[in-house]
Every structure is written in C-alpha cells, then in structure tokens.
Amino acid sequence: MPRNPFTSPARTAVRKANAYLAPKLFGTDVPQKPTRDGYGLGVVEAAKKNPNILVLCADLTESTRNLEFKKLFPDRFVQMGVHEQLLAALGAGMALAGKIPFITSYAMFCPGRAWEQVRTNICLNDVNVKIIGSHAGVSVGPDGATHQAIEDIAIMRPIPNITIIAPCDAIEARKATVAISKKVGPCYVRFAREKTPVFTTKRTPFKIGKAEVFRNGSDVAVIACGPLVYRALQAAEELAKKNIDVLVLNSHTIKPLDEKAVLAAARKCRAVVTVEEHQITGGLGGAVAELLAKKLPTPIEFVGVPNVFGESGDPNELVEHFGMGVNSITNAILTSLKRK
C-alpha cells in the first residue's frame, strides 16, 4: 500500500507545528484576499484606539484601501494628490508635532520616488512615520515594470532606524498594521495588490522582529516573506511525499531580522533557501546571506526576481515566469539539499 503523506510521522510533526495555521491549509476553498485589505482593516482598528493616527494619501484612496478610514475619520485624512515627496516630508513634520502619520501610495512611488525624503526627513530624524507601500512585487500584473516595486526592500534596508515588514497574508497584514501603530519610529510595510491565500488565523502569533516556524523540518530551511510563504509551504508539502523534510520560516520582519530564528534554522538543517517576491539582490535573501556569512556559513539558494525588470501579464503567470512559483522553490530546495 502506498504511503499516505497525511498520516506519515513527518506529516504528524508538521500538523503539530502548524496548529495555529488555517485547518484547510491546502484546500481548494482556501479564501483569498489581497494583503492590502488587511492594511485597510488594521489602520481603522488602530485609529479607533489612538486619535493621533492620521492617513496621508497620494491620490490612491481606493487602491491603498483608505476609503473606510476616510469615511470614519474625515478630519484625520489628508489627500495629497500626486506629490509623493511632499507626502513623506509632510508626514515627517506631522510626526514631529506628535501625530502618527501613515503615508500611503504604491510602493514604486513611496518609498520609490520619495526615497530621499524618507531617508532624510523621516529616518535621519527618527520620527514616527509609517510608510505604507501598496502594489509591491510583480503580482501587480498588467501595470507592468513601471509600477512593479521589486527593489523597495533593497533601497530601504541600508537606511538606519527603519523597520521593514512584508506580511504573508491579509490577516497578518492587519496585525502588522496595528503593531506598527504602537511602535515608535519609522516603519515600512509592503503590501500586494493581487488576491493571495489567507492561511493564518487570529491565533497565529505575530510580533515585530520575531520570525515564526510555519512548518518543522530538518533537511532544508526555507526562509520566506510575503505571500510567497504560502508557495513555500506548498513546495514543502510536495517534497514531504518524497520523504524530504522542509522547515518553513515566516520571516515577515526583514529588518530587524530575527537572527536567532534564522541561525537556529540554518544550524538545524545545514542548508537554506530564501524566498521573496523581490529582486534577489538586496532583499530578504541578502539579509540572510549577510548574517550566515558572518556567523554560520551555510549553503544557500535564492528564489526571487533574477535582476531583471518586470513585465505586464497575469499576476500568477508573472510569479511563475520570474522563477518564484512552487516548482522553482522545489528545485531550489533540491539544489540546496545537494550542497549540504
């Protein structure tokens, strides 16, 4: 009788590790929502508790999911128009006056177009501004290369004082939004436009700077962020059928990186794969590689955009085209395994 992967010892261990994930993790009926929806819910939740929270928007109220905030708090909503650099500068001034501004636009334009103001006005002054970058990654789809922010983590990581987060689904996005509202200091959170699986729950732990093991394993450690965490779990599920035991670490906070969790995963598995919807250069993979090179040299493979510009197309097809789909993650895991 063929082995049933759902009743194998490895699968049983996985089930215990993932008790706080959605019960129907790989079901065909798994709900799908854009992570930006989680931001819209989270900023309203936070604003109800803190009257100092404001939202500044660069002419993208619906796209950035600020309509409900504008409706509930019209006196705390500022429509800036297409002025992303002023968006960041004014946000810094409001923070110096004691407010907690959420400055919102497409990630390509903020932090992209407003990078110098983010660096100098916000981060150099270490003021309490929350930078919300919507429509990040190639899954923006038909908008094409001009609007696909796949370098945003790389341009933000070198700036001192900044916290960088990439939520894996809409539920985690809401938690991240509420969490940054309580954290003093500059924060950048990137959100996706396209609907992706909602696979965490209200009980799933979330803490800024603390990565979570979403699947236990000992053969290869996959360290992922953003919606591609789900594809990493799918790849691990497929490889479990071949008795390959993959650890999946949700590293939602890229900066500060959870060094303890990353080192523990690398030490346990002795082979690592990083997965992100971002350029391979300078993103989560770069952060993990820098840490391992310094403290625990480990074979590492990178899944991400291979230093090319994006293209117009169907979001899911683009993820596959640029080598970030389940098959690409699986191949990277097998390559890393051979390098142990």
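Quick check on my filter: what residues within segment 47-104 are farther than 18 Å from residue 115 by Cβ, touching a strand residue (DSSP E or B) at 6+ places or on another chain (Cβ under 6 Å) and among the hydroxyl-bearing types (Ser, Thr, Tyr)?
64
Please work out if residue 113 is more than 27 Å from residue 50 (Cα to Cα) and not in a helix (DSSP H, G or I).
The answer is yes for residue 113.
Can you go through 82, 78 and tell me which one is at pLDDT 95 or above and in the same structural domain as residue 144 (by TED's automatic domain parsing)?
78
Mind checking which residues of segment 238-250 are outside any helix (DSSP H, G or I), charged (D, E, K, R) and either surrounded by 24 or more Cβ atoms within 10 Å (Cβ to Cβ) or in contact (Cβ under 8 Å) with a residue 24 or more places away in the chain (or both)?
Of all residues in segment 238-250, those outside any helix (DSSP H, G or I) come to 241-250.
Applying the additional criterion that residues be charged (D, E, K, R) yields 241-242, 245.
Hits for segment 238-250 are 241, 245.
Could you pull out every one of the strands (runs of 3 or more DSSP E) wholly within segment 138-215 that has 2 or more residues that are hydrophobic (A, V, I, L, M, F, W, C) and farther than 19 Å from residue 30 by Cα?
Because the criterion is at least 2 residues that are hydrophobic (A, V, I, L, M, F, W, C) and farther than 19 Å from residue 30 by Cα, the strands (runs of 3 or more DSSP E) in segment 138-215 that meet it are 163-165, 187-190.
Of a type in the set (S, T, N, Q), closer than 24 Å to residue 196 by Cα and in contact (Cβ under 8 Å) with a residue 60 or more places away in the chain: which single residue out of 274, 253 fits that description?
Being of a type in the set (S, T, N, Q), closer than 24 Å to residue 196 by Cα and in contact (Cβ under 8 Å) with a residue 60 or more places away in the chain holds for just one of 274, 253, which is 253.
Can you tell me which residues in segment 119-130 are out of contact with any Lys or Arg (no Cβ under 9 Å at 6 or more places or on another chain), of a type outside the set (Lys, Arg) and without any contact (Cβ under 8 Å) to a residue 60 or more places away in the chain?
120, 121, 124, 125, 127, 129
Which of the numbered conditions does residue 103 fail, given that it passes all the others? Conditions: (1) part of a helix (DSSP H, G or I); (2) in contact with a Leu (Cβ under 9 Å, 6 or more places away or on another chain).
Exception for residue 103: condition (1).
Any residue in segment 54-69 that's of a type in the set (Asp, Glu): show its pairings with residues that are modelled with pLDDT under 95 and surrounded by fewer than 21 Cβ atoms within 10 Å (Cβ to Cβ) at Cβ separation under 6 Å, as long as the two are six or more apart or on different chains.
59/81; 59/82
Let me confirm something: among 274, 298, which residue is in contact with a Leu (Cβ under 6 Å, 6 or more places away or on another chain), among the hydroxyl-bearing types (Ser, Thr, Tyr) and crowded, with 24+ Cβ neighbours inside 10 Å?
Going through 274, 298 in turn, the sole match is 274.
Out of 235, 264, 287, I need the residue that is free of Cβ contacts under 8 Å to residues at least 12 places away in the same chain, part of a helix (DSSP H, G or I) and either surrounded by fewer than 20 Cβ atoms within 10 Å (Cβ to Cβ) or outside the structural domain of residue 154 (by TED's automatic domain parsing) (or both). Which one?
Result of the check over 235, 264, 287: 264.
The values are calculated or read from the model by the stated rules, or taken from the named source; none is laboratory data. Because the structure is a prediction, the values reported are computed rather than measured. Every residue, glycine as well, gets a Cβ built from its backbone with ideal geometry; the counts of neighbours run over all protein chains shown.
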